[in-house]
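Participant: Okay, handing you the structure first.
The values are calculated or read from the model by the stated rules, or taken from the named source; none is laboratory data. Model, not experiment: these values are computed from the prediction. Cβ placement follows ideal geometry from the backbone for every residue including glycine, while neighbour counts extend to all protein chains displayed.
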Amino acid sequence: MSNKIWYLPGPFHQYREDVKALAKEHGLRIIDASITESREGEADDVPEVTVRQVEPAPVLLIADSNDGAALQELIDKLNAERDGIVLLIDAAEGLSDLEHPGAGELPIRLFGALKAIHEGFESLTGERDSLAGEVESLRAEVERLKAAAEPADSAEKIASLKAQLDAAKVPYRANASVESLEKAVAELPKA
C-alpha cells in the first residue's frame, strides 16, 4: 500500500485551511484519525494545518437558586428574543410583513440583515422590470425596422430579377410577383 493517507483528527471544519483542497493538491486521502487507531499507509509529508480558535459560548451560571425574580427576568428576556426571531422567520417565509422586533440583540441583528436582503431584492426587481420594458421597446423597434427594410429589399430584388430577364430578352408582367420572377430567372438557359 502506498503512503498516501493523511490521518487527521476531525471534524475537518475546525481547521483554518481547506484540508480537503490541501489533500487533493498533495495527492492524499484523508481519514479521520479520531475514529481509527490504524496508521497503515500514513503519508510522511503532510501539509501543516492550524486549528481555528472558536470563542466559547456564554454560559449562564445560577449561583443562588433563591433568586427566582432574576431567573424569571432572564427567562422572559429569552422568550422575547425567541418571539422576535419567530416573527422574523415568518416574515422571511412570506407569512407576514417584515417588522422591527423591538427587543433583543439577535432579533435586531437578524432584522437588519433581512431588511438589507429585502432592499436588495426590491432594487433588483425594479432594475429587472425596467430592463424588461427596454427589451420590449427594442423588440418593437427591431420589428418596425424589419418591416421597413423588407419592401426596400424586395424592390431591389425585383429590379435585379427584371434586369436579368431583360438581358435575356424574356417577357414578364409588369406587376409580376417576386416568386414568379425568380421562377422565370431559374428557367433561363445557362450560358
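Participant: Which condition number does TYR172 fail, the rest of (1) assigned to a helix (DSSP H, G or I); (2) surrounded by 12 or more Cβ atoms within 10 Å (Cβ to Cβ); (3) outside the structural domain of HIS100 (by TED's automatic domain parsing) being met?
Facilitator: (1)
Participant: Which one is surrounded by the fewest Cβ atoms within 10 Å (Cβ to Cβ), of the residues in region 15-44 that are over 12 Å from ASN3 (Cβ atoms) and among the charged types (D, E, K, R)?
Facilitator: Per the criteria, the residue is GLU37.
Participant: Quick check on this structure: which one of GLU182, GLU187, GLU141 is of a type in the set (Asp, Glu) and under 41 Å from the mean Cα position of the chain (by Cα)? Give the steps one after another, and end with the answer.
Facilitator: Numbers: GLU182 fails: under 41 Å from the mean Cα position of the chain (by Cα); GLU187 fails: under 41 Å from the mean Cα position of the chain (by Cα).
Checking each option against the conditions leaves just GLU141.
Participant: Write out, first by first residue and then by second, each pair whose Cβ atoms fall under 8 Å of each other, whose residues are 6+ apart or on separate chains, and whose first residue, in region 140-169, is closer than 17 Å to SER180 by Cα while the second is surrounded by 11 or more Cβ atoms within 10 Å (Cβ to Cβ) and of a type in the set (Ser, Thr, Tyr).
Facilitator: LYS162/TYR172; LEU165/TYR172
Participant: Which number in (1) surrounded by 10 or more Cβ atoms within 10 Å (Cβ to Cβ); (2) not in a helix (DSSP H, G or I) marks the one condition that LEU95 misses?
Facilitator: So the condition that LEU95 fails would be (1).
Participant: Condition first: in contact with a helix residue (DSSP H, G or I) (Cβ under 9 Å, 6 or more places away or on another chain), modelled with pLDDT under 90 and part of a loop (DSSP other than H, G, I, E, B). Can you find one or more residues in region 114-124 that meet it?
Facilitator: no
Participant: Still on this structure, I have one more. Of all residues in region 45-77, count the ones that are modelled with pLDDT of 80 or more and either under 16 Å from ASN3 (Cα atoms) or among the hydroxyl-bearing types (Ser, Thr, Tyr) (or both).
Facilitator: Qualifying residue count, region 45-77: 4.
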